[in-house]
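A.B. asks: First the structure, then my questions, so here it is.
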Amino acid sequence: MRVQNISVDRVGDASRLSAEVVFETSLLGTKNVFYEIPAQYESMWDKSGYSFYGASLLLAMKYKEAIHIETPITSEIALKLDILQKTFASWYPNEFSVVPVEWTPAEECAVSRKRKRAIFFSSGVDSLHTVFRVKNFKEYAYPDDEIFLLPVVGMDFRPERADLVSALHHYTTDVTRWYNWKSLPVCTNVHWDLLSEDHVSWGSAAHVAALASVANALANGFDCVYLGSSGHVNRLTPWGSTLTLDHLWATGTLELFHVGSECERLDKIREMSASPELVKNIRCCYYSETSNPPNCGYCEKCLRTLCALEAINQRHLVSDSFPPIGYEKLCSLVAKTEIPLRLLHDWGTIGTALEEAQEKTKLAEAVRHALKMAPRMSFEKRVTKFFHKDISSYKYRGFPLLMISSGVRRSVSGSAFPIASRNRCAFIFKRKGP
């Protein structure tokens, strides 16, 4: 795999950094990848091409393509690439392999301070919490630093969705106006044309490679780019964005900083409630087909967010961001939702907070019911996917296959089963009465 024909061109009022990523031995062929920003910020482009190599690393590993880096790189970057390869190959041995990297050494040079920092902004809980931290915690930026928000079109949704693009820019404008920051909108095809689900898993691997490639493409403009965490530091599992790996995607002239890994999702929302204007702008849904409201209110992620807001009595702040769902209906939806195994602890934390809150016991019971059903649902989905058949009616020695002991379900679900330990079962399997 190699990168060729790196160029910077004007496309209307935008400046486009583009290149051809050539896969020589697989059927992928040549991929044209680009990033676009307003022309006034054209000087921020890093033309070394490293952003394209970082974006294509996982594809090269999947299709066992040797990587030929023609631009000289430092030994630090080469070491980072080696660690990233070994980590993803150990996490997903059936999907990724370590491939050779050919590179020429570059001279180490002093890094000049640019006095500019940026935050990846999607208006989701993680990015809004990052905004809150950078604004209110002095250790994240120097007083004379300029802060930019980076709304990236082409990550969560396709650029053709004009309504969602307009809504994202509207949320970004609101935040920059409140805090006297600046906005640098970015458009890219790195997700849909290069790192699509047809080739590599977006959530568990590729999304951080795509975001880091945007940051690296702008390495001449920023000292640091902040990325909101998606998981707690005490539960580091194989996932694309983690505290231990995110900084490895950045070049030597740029720092990629992981923010908020010490917080549960509930803690992030509770912390943000000190700035109600941020909570009002939450856009957490991947499935909503409209920008008004921007959240469907029915998917697992929307329900998790609504339950967290209920637990801290702040649901009224998002009345314009979610469809009107009554308390009784919310309880019914939560009880039936399918909770992924990696999110069991998040839901357990929210359930405990609901139980401690006044007049939230019915919603807490709904959360508990969904948590009890999660292992069974996960087992059924995994086995159905393996055999390509619906096994809900299958029996083994007279017993329904899905009622086989929980020990078997845990072994199929994987070794890191979040509710396997007794202390984490305290909320999920709490008994009623004496």
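The values are calculated or read from the model by the stated rules, or taken from the named source; none is laboratory data. Predicted model only: the values in this text are computed from it and were never measured. With ideal geometry, Cβ positions are generated from the backbone for all residues, glycine too; neighbour counts draw on all protein chains shown.
A.B. asks: Somewhere in the range 234-251, is a residue among the acidic types (Asp, Glu), closer than 27 Å to residue 27 by Cβ and modelled with pLDDT under 95? Lay out the reasoning, then the answer.
C.D. replies: Let us first name the residues in the range 234-251 that are among the acidic types (Asp, Glu), namely 246.
Retained after the next criterion (residues that are closer than 27 Å to residue 27 by Cβ): none.
No, because not a single residue in the range 234-251 is among the acidic types (Asp, Glu), closer than 27 Å to residue 27 by Cβ and modelled with pLDDT under 95.
Each row is one residue, and each column tells you yes or no for (1) in contact (Cβ under 8 Å) with a residue 12 or more places away in the chain; (2) assigned to a loop (DSSP other than H, G, I, E, B); (3) not polar (S, T, N, Q).
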{"site": "48", "(1), (2), (3)": "yes, yes, no"}
{"site": "51", "(1), (2), (3)": "yes, no, no"}
{"site": "64", "(1), (2), (3)": "yes, yes, yes"}
{"site": "78", "(1), (2), (3)": "yes, no, yes"}
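Residue-by-condition table, conditions (1) buried (at least 22 other Cβ atoms within 10 Å of the Cβ); (2) among the hydrophobic types (A, V, I, L, M, F, W, C); (3) in contact with an Asp or Glu (Cβ under 6 Å, 6 or more places away or on another chain); (4) at pLDDT below 90:
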residue	(1), (2), (3), (4)
218	yes, yes, no, no
222	yes, yes, no, no
258	no, no, yes, no
263	no, yes, no, no
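A.B. asks: Within the range 166-184, how many residues turn out to be in contact with a strand residue (DSSP E or B) (Cβ under 8 Å, 6 or more places away or on another chain) and more than 14 Å from residue 156 (Cβ to Cβ)?
C.D. replies: The qualifying residues number 8.
A.B. asks: Looking at the structure I just gave you, is residue 70 touching a residue at least 60 places away in the same chain (Cβ under 8 Å), assigned to a loop (DSSP other than H, G, I, E, B) and over 26 Å from residue 155 (Cβ atoms)?
C.D. replies: Numbers: touching a residue at least 60 places away in the same chain (Cβ under 8 Å): yes; assigned to a loop (DSSP other than H, G, I, E, B): yes; over 26 Å from residue 155 (Cβ atoms): yes.
Against the criterion (touching a residue at least 60 places away in the same chain (Cβ under 8 Å), assigned to a loop (DSSP other than H, G, I, E, B) and over 26 Å from residue 155 (Cβ atoms)), residue 70 qualifies.
To keep it simple, each residue is scored yes or no on (1) in a helix (DSSP H, G or I); (2) under 27 Å from the mean Cα position of the chain (by Cα); (3) under 30 Å from residue 123 (Cα atoms); (4) at pLDDT below 95.
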site: 316; (1), (2), (3), (4): yes, yes, yes, yes
site: 349; (1), (2), (3), (4): yes, yes, yes, yes
site: 355; (1), (2), (3), (4): yes, no, yes, yes
site: 358; (1), (2), (3), (4): no, no, yes, yes
site: 372; (1), (2), (3), (4): yes, yes, no, yes
site: 381; (1), (2), (3), (4): yes, yes, no, yes
site: 393; (1), (2), (3), (4): no, no, no, yes
site: 402; (1), (2), (3), (4): yes, no, no, yes
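Condition check ((1) within 25 Å of the chain's Cα centre (by Cα); (2) assigned to a loop (DSSP other than H, G, I, E, B); (3) surrounded by fewer than 16 Cβ atoms within 10 Å (Cβ to Cβ); (4) modelled with pLDDT of 95 or more) across all residues:
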{"position": "296", "(1), (2), (3), (4)": "yes, yes, no, no"}
{"position": "301", "(1), (2), (3), (4)": "yes, no, no, no"}
{"position": "306", "(1), (2), (3), (4)": "yes, no, no, yes"}
{"position": "320", "(1), (2), (3), (4)": "yes, yes, yes, no"}
{"position": "325", "(1), (2), (3), (4)": "no, yes, no, no"}
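A.B. asks: Inspect the range 151-168 for any residue being more than 29 Å from residue 73 (Cβ to Cβ), of a type in the set (Gly, Ala, Ser), touching a Ser or Thr at 6+ places or on another chain (Cβ under 8 Å) and not in a loop (DSSP other than H, G, I, E, B) and give the result as yes or no.
C.D. replies: Checking the range 151-168: at least one residue is more than 29 Å from residue 73 (Cβ to Cβ), of a type in the set (Gly, Ala, Ser), touching a Ser or Thr at 6+ places or on another chain (Cβ under 8 Å) and not in a loop (DSSP other than H, G, I, E, B).
A.B. asks: Now for a different question. I'm trying to understand the selection: among the residues of the range 133-175, which are β-branched (Val, Ile, Thr), over 22 Å from residue 196 (Cα atoms) and in contact with a helix residue (DSSP H, G or I) (Cβ under 9 Å, 6 or more places away or on another chain)?
C.D. replies: The initial filter retains those residues of the range 133-175 that are β-branched (Val, Ile, Thr), namely 134, 147, 152-153, 165, 172-173, 175.
Add one more test, that the residue is over 22 Å from residue 196 (Cα atoms), and what stays is 134, 147, 172-173, 175.
Answer for the range 133-175, where residues must be β-branched (Val, Ile, Thr), over 22 Å from residue 196 (Cα atoms) and in contact with a helix residue (DSSP H, G or I) (Cβ under 9 Å, 6 or more places away or on another chain): 134, 147, 175.
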